[in-house]
Amino acid sequence: MKIENLQKIYESNKTTIYKGRYQDYPQDVIIKILNLQYPTIEQKTRFYNEYYFTKNLNFSGIRKVIKKDTFEGKNILILEHFDGENLSKFDSKHQTDLKELLQVASNIAQTLGEIHLQNIIHKDINSNNIFCLSLIKY
């Protein structure tokens, strides 16, 4: 497997997330790595649930999952990349008015509604897991 140009985006005790290039995929991707060298079955299952629950979802607001794999002995997910930033960084960097904030909140609620209609419950919704491309100006 060929992974190149890794740029670390985020790291926690469980996962590290990079932007990079994956094999012959034509665009940059997100590479999410399970940090544990010897994860338990439960930890692997939890990690790969993102793949299994989202691989067939096809609606706006959900990052597409490309592949699950291993890299240097660790479990990884290859995800669609798009330019933007997580909500916590976006909110602190940009001046937004109430109308814009309500539009963002509406988009988040609509996406969560779509996810729930698929009988999926996201157990870690926070501003680091919500990604903003841009705010729509009206």
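The values are calculated or read from the model by the stated rules, or taken from the named source; none is laboratory data. The shown structure was predicted, so the numbers you read here are calculated from the model rather than taken from an experiment. Every residue, glycine as well, gets a Cβ built from its backbone with ideal geometry; the counts of neighbours run over all protein chains shown.
Before moving on, here are some points about what is shown:
- The residues of region 43-57 that are in a helix (DSSP H, G or I) and more than 19 Å from Gly73 (Cβ to Cβ), listed by number, are Asn49, Glu50, Tyr52, Phe53, Thr54.
- Looking across region 1-45 at every residue that is surrounded by fewer than 12 Cβ atoms within 10 Å (Cβ to Cβ) and of a type in the set (A, V, I, L, M), the one that is nearest to Asn129 (Cα to Cα) is identified as Ile41.
- Selection over region 49-71 of residues that are hydroxyl-bearing (Ser, Thr, Tyr) and surrounded by 16 or more Cβ atoms within 10 Å (Cβ to Cβ) gives a count of 2.
Yes or no, residue by residue, for (1) under 17 Å from the mean Cα position of the chain (by Cα); (2) at pLDDT below 85; (3) closer than 23 Å to Lys14 by Cβ:
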{"site": "Leu79", "(1), (2), (3)": "yes, no, yes"}
{"site": "Ser92", "(1), (2), (3)": "no, yes, no"}
{"site": "Leu101", "(1), (2), (3)": "no, yes, no"}
{"site": "Leu112", "(1), (2), (3)": "yes, no, yes"}
{"site": "Ile115", "(1), (2), (3)": "yes, no, yes"}
{"site": "Asn126", "(1), (2), (3)": "yes, yes, yes"}
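- Residue that is more than 22 Å from Lys123 (Cα to Cα) and at pLDDT below 85, where the choices are Gly84, Gly61: Gly84
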